[in-house]
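This report refers to the structure that appears directly beneath it.
The values are calculated or read from the model by the stated rules, or taken from the named source; none is laboratory data. Small disclaimer: the values here were computed from a predicted structure and weren't measured. Glycine gets a Cβ as well: all are built from the backbone with ideal geometry, and neighbour counts include every protein chain shown. Ligands, DNA and RNA are stripped out before the accessible areas are found, and what is left, the full protein with its side chains, is counted by its heavy atoms. Shrake-Rupley method; radii C 1.70, N 1.55, O 1.52, S 1.80 Å.
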Amino acid sequence: MRYKVCVYAISKNEEKNVTDWVKSMSEADEIYVMDTGSTDNTVKLLKGLGVNVKTKIIDPWRFDKARNESLNMVPQDTDICVCTDLDERFESGWREKLENIWNENINRVSYYYNWSFDKYGKPATSFYINKIHSRKDYIWVNAVHEILKNINNNECQVVSNNIVLNHYQDLDKNRNSYLKLLELSVKEDPNNDRNVHYLGREYMYYKKWNKSIDTLIKHLNMNTSTWKDERCASMRYISRCYINLKRYDEAEMWLKKAIDESPYLREPFYELGYLYYILNKFNLSKKYLLKCLRIKEKSKSYLNEFFCWDGTIEDILSICEFNLGNYSSSLKYAKKALKYKPNDERIKENIEKIKNFL
């Protein structure tokens, strides 16, 4: 069945992304963009490619308000709304795949998102997102890390493994507003465990170690904090803060808690193994890194860490085995690490060094 499909987005100074983004989104019937104050050629380029564009300054800035302004541009008779950013690209054929799974009972779709890529162009961090939705059932909420909220208590979501969206982040963009917006979000809704977790993580990014610890412990003590993957992440972040405070016993304790919370994830095993590695406790490091490798399935949440799947574990295991005098095993893991990182000169040098001991 043919549905009316509209893409909508917000933009600001995205001229380098416009052409490729519009090409990727062109399978839609119409494209709508709310520009929030570009000073480059973003608006001109978008209009030149037939995109429906409006300009509005959002002051004070909030992502949810900007998203809702862009959603308001989408006609009411639209069947399927697709929200993306200009640094994102769908893999071709996405519309047909979407129409094949959509029906009158569905109002939201979850699909695969490659958030980052390694230097070889392979997906590094991937998970599901769900920004495809019906026109009248949703609004955006939260000043930052905004999410779609169903306003009619009728959500029916379907998951697609065939629709893939790739993200090509501009690392030069200023994201300094995130911390203040997260503090505002938590102030507005102190019972939102998701935002409390994000705020604790943001404090960690800003090296506010004690604030991060306090906020993440608050997240763990909330009655609504029940998602084990996210709880595990809070514990891992608390440990990272303690490591930076050189309080290694507490860091170790929190990582053991993280393992107990989510023993099906590589991440807590890796971080404990890495802690022992930096403390030169190579036997213990080896023990937990081997446990890490026994977990074969990568989680599909945004909390999976690329370094658990890119050869880093094998690289560190090789160094541990070398320090333990297990040179054959050290060489084995170094060669495995090199398969992930074939251009890594340090690993190549390590292999030659190890061979001298055999």
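Mind checking whether some residue in region 272-285 is among the small types (Gly, Ala, Ser), closer than 18 Å to residue 337 by Cβ and open to solvent by less than 10 Å² (accessible area, probe 1.4 Å)? Yes, there is a match, as at least one residue in region 272-285 is among the small types (Gly, Ala, Ser), closer than 18 Å to residue 337 by Cβ and open to solvent by less than 10 Å² (accessible area, probe 1.4 Å). Of the listed requirements (1) modelled with pLDDT of 95 or more; (2) assigned to a loop (DSSP other than H, G, I, E, B); (3) over 24 Å from the mean Cα position of the chain (by Cα), residue 14 misses just one: (3). Does residue 33 satisfy being open to solvent by less than 20 Å² (accessible area, probe 1.4 Å), in contact with a Ser or Thr (Cβ under 7 Å, 6 or more places away or on another chain), β-branched (Val, Ile, Thr) and not in a loop (DSSP other than H, G, I, E, B)? Here the answer is yes, as residue 33 does meet what is asked. Contact map, region 221-245: first residue assigned to a helix (DSSP H, G or I), second residue open to solvent by less than 40 Å² (accessible area, probe 1.4 Å) and of a type in the set (Lys, Arg), Cβ cut-off under 7 Å, separation 6 or more or different chains; pairs are 237/201.
Residue-level check: of (1) touching a Lys or Arg at 6+ places or on another chain (Cβ under 8 Å); (2) within 30 Å of residue 79 (Cα to Cα); (3) not in a loop (DSSP other than H, G, I, E, B), residue 155 misses just (3).
For region 302-333, filtered to residues that are among the aliphatic types (A, V, I, L, M), under 29 Å from residue 262 (Cβ atoms) and assigned to a helix (DSSP H, G or I), the residue that is most open to solvent (accessible area, probe 1.4 Å) is 319.
Open to solvent by 40 Å² or more (accessible area, probe 1.4 Å) and of a type in the set (Phe, Trp, Tyr), is that true of residue 115? Yes. Can you find a residue in region 79-89 that is modelled with pLDDT of 95 or more, over 28 Å from residue 186 (Cβ atoms) and not in a strand (DSSP E or B)? Among the residues of region 79-89, at least one is modelled with pLDDT of 95 or more, over 28 Å from residue 186 (Cβ atoms) and not in a strand (DSSP E or B), which makes the answer yes. Residues in region 178-191 that are farther than 16 Å from residue 61 by Cβ and either within 17 Å of the chain's Cα centre (by Cα) or surrounded by 18 or more Cβ atoms within 10 Å (Cβ to Cβ) (or both): 186 only. Only residues that are part of a strand (DSSP E or B) and either open to solvent by 70 Å² or more (accessible area, probe 1.4 Å) or at pLDDT below 95 (or both) were counted in region 158-177, giving 3. Is it fair to say residue 348 is of a type outside the set (A, V, I, L, M, F, W, C) and at pLDDT 95 or above? When the stated conditions are applied, residue 348 passes them. Remark: pairs (first residue in region 283-296, within 8 Å of residue 317 (Cβ to Cβ); second residue not in a helix (DSSP H, G or I); Cβ separation under 8 Å; 6+ apart in sequence or on different chains) = 286/324. For region 293-301, indicate whether the set of residues that are acidic (Asp, Glu) and either farther than 23 Å from residue 124 by Cβ or open to solvent by 60 Å² or more (accessible area, probe 1.4 Å) (or both) is non-empty. Checked against the condition, which is being acidic (Asp, Glu) and either farther than 23 Å from residue 124 by Cβ or open to solvent by 60 Å² or more (accessible area, probe 1.4 Å) (or both), region 293-301 yields at least one hit. Tell me whether region 206-228 contains one or more residues that are under 27 Å from residue 118 (Cα atoms), open to solvent by less than 20 Å² (accessible area, probe 1.4 Å) and in contact with a Leu (Cβ under 9 Å, 6 or more places away or on another chain). Checked against the condition, which is being under 27 Å from residue 118 (Cα atoms), open to solvent by less than 20 Å² (accessible area, probe 1.4 Å) and in contact with a Leu (Cβ under 9 Å, 6 or more places away or on another chain), region 206-228 yields no hits at all.
Per the conditions (1) assigned to a loop (DSSP other than H, G, I, E, B); (2) in contact (Cβ under 8 Å) with a residue 60 or more places away in the chain, the sole criterion not satisfied by residue 68 is (1). Within region 42-64, is even one residue in a loop (DSSP other than H, G, I, E, B), at pLDDT 95 or above and polar (S, T, N, Q)? Checked against the condition, which is being in a loop (DSSP other than H, G, I, E, B), at pLDDT 95 or above and polar (S, T, N, Q), region 42-64 yields no hits at all. Based on what the data block shows, is residue 354 surrounded by 20 or more Cβ atoms within 10 Å (Cβ to Cβ), assigned to a helix (DSSP H, G or I) and over 24 Å from the mean Cα position of the chain (by Cα)? Spelling it out, residue 354 is indeed surrounded by 20 or more Cβ atoms within 10 Å (Cβ to Cβ), assigned to a helix (DSSP H, G or I) and over 24 Å from the mean Cα position of the chain (by Cα).
If the condition is being touching a strand residue (DSSP E or B) at 6+ places or on another chain (Cβ under 9 Å) and either open to solvent by less than 20 Å² (accessible area, probe 1.4 Å) or assigned to a loop (DSSP other than H, G, I, E, B) (or both), then region 130-140 contributes 132, 133, 134, 135, 137, 138, 140.
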